[in-house]
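For reference, the structure is listed below as structure tokens.
The values are calculated or read from the model by the stated rules, or taken from the named source; none is laboratory data. For clarity, every value in this text was computed on a predicted model and none was experimentally measured. When we count neighbours, we look across all protein chains shown, and the Cβ atoms used for this are built from the backbone with ideal geometry, even at glycine. Accessible surface is based on the protein model in full, side chains and every heavy atom, while ligands, DNA and RNA are left aside. Shrake-Rupley method; radii C 1.70, N 1.55, O 1.52, S 1.80 Å.
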Amino acid sequence: MNQNVTIVQIAEESGVSIATVSRVLSGNVPVSPKTKARVEEVIKKYNYTPNSLAQGLILRQSKTLGVIVPDITNPYFSALFNVIERAAHQAHYSVILCNTSFTAASYADGEQENEDNYFRMVLEKKVDGVIIAGGQIDLCEISNDYKKALKALASSIPVVVIGQSLPDIPCSFINLEQGKGIAVSIRYLASLGHKRIAFVGGERGVAITESRLEVYKSTIAKMHLDSDPNLISTSDYYLSDGYNAAKKILELEDPATAMLAMNDNVAIGAIRAIADYYLTIPDDIALISCDQFFDGNFITPRLTSLDQHTQALGLYVIQLLLSMIQGTEPPEKPDLSPNLVIRESSGKHILRD
């Protein structure tokens, strides 16, 4: 056993390149079985354990990734980050989390440079690539300064963005389907006899809210349901927002018999508001969440939700970024179309394992 053996020596004795040895060690890039066996034999011979810092210097990589999110306390972003971080560690990469505290409201108040600062920071940290989820990329109107900063970042290192595509910026953009699940939810509620279906939560001027509202309005119109504008109560994406938005709906003279909540946070807030008005779910009002964060089986009542496949998204995003960094074939994009998980809150409970 030689504790001083280096990756260069492993490569020379195996008759392969340093990059090939690195691929064998990482285990996340395909290597031919014959070559892999030859390299592993030499590694076993010397009981070699890679020095990630030295390996990174040789390959001109830091083995570090950046992940930029607007609010890590939001269950969507925390769940997404956990998947990304776990997969990155399995590929022998460390992760720097950048929590920008971005909101559409703070942006409107003039806080418009925070994300740009994080772009510069990850470049200074010499990360090998960056994943951006949320923030200004989610706004309907994106500033030219942000576009310029994002282009500079993506021109330096590989960048994957979960959000709408921007022209002439060399990122890999992942645009998520936002409409199909809303239409399915409305049709399901209509099949149960509901005609006055409210939409609560979400923030205007944010692409995900606007796209879901557009589908909500068009589906309501196509199905000849009540298209009362008072049935829309937007605010934000958190518990208190769901509570306040639901209160406005419950105070209507002609109340809704069903609600679509922007996400599980909003739905839980709505549940509290409905209880405060001495109403019950689903007898007095049915409820569906448009974005499943929690395990709805542990909420009372069990929450009917749209599963947006956050785990599959997180795995795809990290695999795509690593393929960009390592110059390998990109992974096949999974089907991320949302599906409706029917539980008690919608009024017709289907027992599931």
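Across segment 294-306, which residue is modelled with the highest pLDDT among those that are of a type outside the set (Val, Ile, Thr), open to solvent by 40 Å² or more (accessible area, probe 1.4 Å) and touching an Asp or Glu at 6+ places or on another chain (Cβ under 9 Å)? Among residues in segment 294-306 that are of a type outside the set (Val, Ile, Thr), open to solvent by 40 Å² or more (accessible area, probe 1.4 Å) and touching an Asp or Glu at 6+ places or on another chain (Cβ under 9 Å), the one modelled with the highest pLDDT is 302. Applying the criterion of being in a helix (DSSP H, G or I) and polar (S, T, N, Q) to the residues of segment 59-90, the residue that is modelled with the lowest pLDDT is 90. Of all positions in segment 22-33, at least one carries a residue that is over 30 Å from residue 104 (Cα atoms), in a helix (DSSP H, G or I), modelled with pLDDT of 85 or more and not acidic (Asp, Glu).
The residues of segment 164-182 that are part of a helix (DSSP H, G or I) and surrounded by 17 or more Cβ atoms within 10 Å (Cβ to Cβ), listed by number, are 181, 182. Residue 14 meets all of the listed conditions (1) small (Gly, Ala, Ser); (2) at pLDDT 80 or above; (3) under 39 Å from the mean Cα position of the chain (by Cα) but one, namely (3). Of all residues in segment 219-229, exactly one satisfies the criterion of being without any contact (Cβ under 8 Å) to a residue 24 or more places away in the chain and either surrounded by 14 or more Cβ atoms within 10 Å (Cβ to Cβ) or in contact with a Lys or Arg (Cβ under 8 Å, 6 or more places away or on another chain) (or both), namely 227.
One residue alone among 189, 176 is of a type in the set (A, V, I, L, M, F, W, C), touching a Ser or Thr at 6+ places or on another chain (Cβ under 9 Å) and in contact (Cβ under 8 Å) with a residue 12 or more places away in the chain, and that residue is 189. Taken over segment 126-137, the criterion of being within 16 Å of residue 149 (Cβ to Cβ) and open to solvent by 20 Å² or more (accessible area, probe 1.4 Å) is satisfied by no residue.
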